[in-house]
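This report refers to the structure that appears directly beneath it.
Each reported figure results from applying straightforward, stated rules to the coordinates on display, with no laboratory input. Since the structure is predicted, the reported quantities are computational estimates derived from the model, not experimental observations. Here Cβ is always computed from backbone atoms with ideal geometry, including for glycine, and neighbour counts include all displayed protein chains.
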There are 2 protein chains.
Amino acid sequence: MARVRLRISMSLDGYVAGPSQSVKDPIGIGGMRLHEWVFPLAAWRSMQGMEGGEVNDSTRIVEESVANVGATVMGRNMFGGGPGPWSLETPWNGWWGDNPPYHHPVFVLTHHERPPLALEGGTTFHFVTQGPEAALDAARRAAGTQDVMVAGGALAAQQYLAKGAVDEMDISLVPILLGAGERLFEGLGADLHGLKLVRTIAAADVTHLKYAR
Amino acid sequence: MARVRLRISMSLDGYVAGPSQSVKDPIGIGGMRLHEWVFPLAAWRSMQGMEGGEVNDSTRIVEESVANVGATVMGRNMFGGGPGPWSLETPWNGWWGDNPPYHHPVFVLTHHERPPLALEGGTTFHFVTQGPEAALDAARRAAGTQDVMVAGGALAAQQYLAKGAVDEMDISLVPILLGAGERLFEGLGADLHGLKLVRTIAAADVTHLKYAR
């Protein structure tokens, strides 16, 4: 049965992005520190077309994050390009270059219409203006028997967590403070909608917490 | 060398107490859920004079929490009795009965003077009105070569974390949301003052994260 999965890196103080997000700091000031555990990994480097790298307890997390994923949903901020209508003269085509690491349909939550953007390697960005449920429905259809990944950011993740739409949640808890920015668990109340801690992996400089129903 | 240690249970969304703390809900609504991992343990039960109980991966955490501790510092809310001057007619003597589980001097941060309160089993509560530094100094002197434990609540812990006064921090991360209440990491900025993750214990329904310099 296809699942809706969320995986995200979070600081000890609960932030999934630092303050003052911008083109210079896409994940906010200090936000890149949330992802430093992934960059040395061979599993991650090979996805970017790079050789070499480490194999450690986090390798499994990276491998799982792309296994059996048929579609991705993300918020407008994660796709980037700033708020407001899309510029068609100098279009923003995401952070990931000509060959994004998704290789499947990606549904971007936005208030502003835009035609689909087909890039290399099988990644097509679809811009959905009818809200989070419509985006998830479209992603489920596109994924077929495979899973849908909710990629973030905080607001997109919160919308699906609040609806109880998330079947699996992988939180990579990074032992740092960001002090400000966007918290994952904000305005969600006390209801985890049946998600329970099912696995803890103590890796180098990061603790991977898996929640499932 | 004597250390200043903080150990505290925290929800996945960062709360160390739920909302609306009261005599009925000393740790706020839902706050007792933060401590459910400890109640079945033989190590904890024996401290309360009870027999039986479980031994599991959390046992070590409970044993460590009382080992080599010569004094404790806590905030007024953790000692309880409501805000404002102490009533001398119907004095509040803490939550723990005639024989509190400390068995050493406990320094309570308060704005209101009160004579020391000596209870059974070696626990004496000292009420310190000169601020957190004075309380910590007094606790260090009382502890001698042993450690000082910062017991909480959130505000007391924050005051010592902000000063970089904490040498070891044990966070028992409980896989629940409280949704509201008091967060441990609030207003502390991004500085962990050299504290690094040094140990992760994946126990039943709780993940113990140890930070040290």
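Running a GNM on chain A with Cα contacts under 10 Å, which residue among A:Gln130, A:Gln146, A:Gln158 ends up with the highest mean-square fluctuation? Of A:Gln130, A:Gln146, A:Gln158, the Gaussian network model singles out A:Gln130 as fluctuating most. For chain A, adding -39500 (n - 2.57) for each run of n ≥ 4 DSSP H residues and dividing by the number of residues yields -5000 deg cm²/dmol at 222 nm. Note that segment B:12-67 shows a convex hull volume over its alpha carbon atoms of 104 Å³ per residue. Compute the distance from the alpha-carbon center of segment B:15-67 to that of segment A:139-171, in whole Å. Here the answer is 34 Å between Cα centres. Partner shielding of B:190-200 amounts to 5, given as the average count of beta-carbon atoms from other chains within 10 Å of each residue beta-carbon.
Label-point spacing for B:Ala134 across the identical copies (point 7 Å from Cα in the Cβ direction), in nm and ascending order: 6.3.
Under 1.5 on a/c is rounded, so check that first for segment B:161-202, then, if it is not, pick prolate when a/b is larger than b/c and oblate when it is not; a ≥ b ≥ c are the square roots of the alpha carbon gyration tensor eigenvalues.
oblate
Measuring from a point 7 Å past the Cα of A:Ala2 along Cα-to-C-beta, which residues in segment A:80-114 have an amide N at less than 16 Å? So the set is A:103-108.
Sorted shortest first, the distances from the A:Pro91 label point to those of the same residue in the other copies are 7.7 nm; each point sits 7 Å from Cα along Cα-to-Cβ. Here the scattering of segment B:1-151 is modelled by Debye summation over its C-alpha atoms, one equal scatterer each and no solvent; at q = 0.10, 0.16 Å⁻¹ the log10 of I(q)/I(0) is -0.37, -1.01.
Can you give the FRET efficiency to the nearest 0.05 for A:Glu120 and A:Ala162, using r as the Cβ-Cβ distance and R₀ = 60 Å? Can you show the working numbers first?
Numbers: r = 35 Å, r/R0 = 0.58.
It comes out at approximately 0.95.
As a size descriptor, the averaged projected area of the C-alpha convex hull of the protein assembly as shown was calculated at 22.8 nm². For chain A, set up a Gaussian network in which alpha carbons nearer than 10 Å are linked by springs, and say which option among A:Gly181, A:Gly152, A:Gly194 fluctuates the most. Highest fluctuation among the options: A:Gly194. Which residues does a label at B:Arg60 reach in segment B:190-208, if reach means a backbone N under 16 Å from a point 7 Å past the Cα toward the Cβ? Once the point is set 7 Å along Cα→Cβ of B:Arg60, B:197-208 turn out to lie under 16 Å by backbone N, inside segment B:190-208. Take the alpha carbon gyration tensor of segment A:63-126, find the square roots of its eigenvalues, order them as a ≥ b ≥ c, and report rounded if a/c is under 1.5; if not, report prolate when a/b exceeds b/c, else oblate. Here segment A:63-126 falls in the prolate category. When both bridge partners sit in chain A, DSSP labels roughly 40% of those beta bridges antiparallel.
Between copies, the label points at A:Thr145 (set 7 angstrom from Cα along Cα-to-Cβ) are spaced 6.8 nm, reported in nanometres from shortest to longest.
Three semi-axes describe the equivalent ellipsoid of segment B:102-159; taken as square roots of 5 times the Cα gyration tensor eigenvalues and ordered largest first, they are 17, 15, 11 Å.
Sorted into 5 angstrom bins from 0, the C-alpha pair distances of segment A:88-213 split as 2, 9, 15, 19, 20, 17, 12, 6, 1, 0 percent.
The rotation axis that maps chain A onto chain B passes nearest to the beta carbon of this chain A residue, listed with its distance in whole angstrom: A:Gly14, 2. Shape annotation for segment A:34-102: C-alpha extents along the principal axes are 43, 22, 22 Å, from largest to smallest.
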